[in-house]
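Engineer: Here it is, the structure, as structure tokens.
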């Protein structure tokens, strides 16, 4: 659910004209959304665990000298239809991996301290004015 959808629900709930039936309908919708989110999270956790297990098994196989240590990872990727099919896909995947690594490295950098000088009088993202001090 997006932030604007939450804002819409808050406004609807704050409206004095909202009936009990409307509130019940919203509650049911929210419960359905929560159940869907829980199911998506469980599915993602399962996929993550399978991939993590395959990666660990591949590293362990390499450590004991297995001639095909990536068998576990290849199997997991093949089950999901994620094996690269041609040279173009290989180059795209490598470029995506480099970009992801660069983004993660940038996210791990500490944020620069902000100047205490000039203050904006408006919220940039919403257009609502800030209270004057």
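Engineer: Full-extension gain between residue 56 and residue 102, please, as 0.36 nm times their residue separation minus the C-alpha to C-alpha distance.
Structural biologist: Answer, rounded to one decimal: 14.2 nm.
Engineer: What distance in nm lies between label points placed 7 Å from Cα along the C-beta direction at residue 19 and residue 77?
Structural biologist: 5.7
Engineer: What is the distance, in nm, between label points placed 7 Å from the Cα along the Cα-to-Cβ direction at residue 35 and at residue 109?
Structural biologist: Label-label distance for residue 35 and residue 109, simple model: 4.6 nm.
Engineer: While we're looking at this one, here's another question. Between residue 8 and residue 64, how many nm apart are label points set 7 Å from Cα along the C-beta direction?
Structural biologist: With each label point 7 Å from Cα toward Cβ, the separation is 5.5 nm.
Engineer: Given a Förster distance of 22 Å, report the FRET efficiency between residue 49 and residue 87 from their Cβ-Cβ distance, rounded to the nearest 0.05.
Structural biologist: Efficiency at R0 = 22 Å is approximately 0.10.
Engineer: Give the average over all directions of the projected area of the C-alpha convex hull of segment 1-110, one decimal, in nm². Walk me through the numbers on the way to the answer.
Structural biologist: On the way: hull surface 47.1 nm².
In nm², the orientation-averaged hull projection of segment 1-110 is 11.8.
Every number here is computed from the coordinates shown, using simple stated rules; none is lab data. Small disclaimer: the values here were computed from a predicted structure and weren't measured. For neighbour counting, all protein chains shown are included, and Cβ atoms are generated from backbone atoms with ideal geometry for every residue, glycine included.
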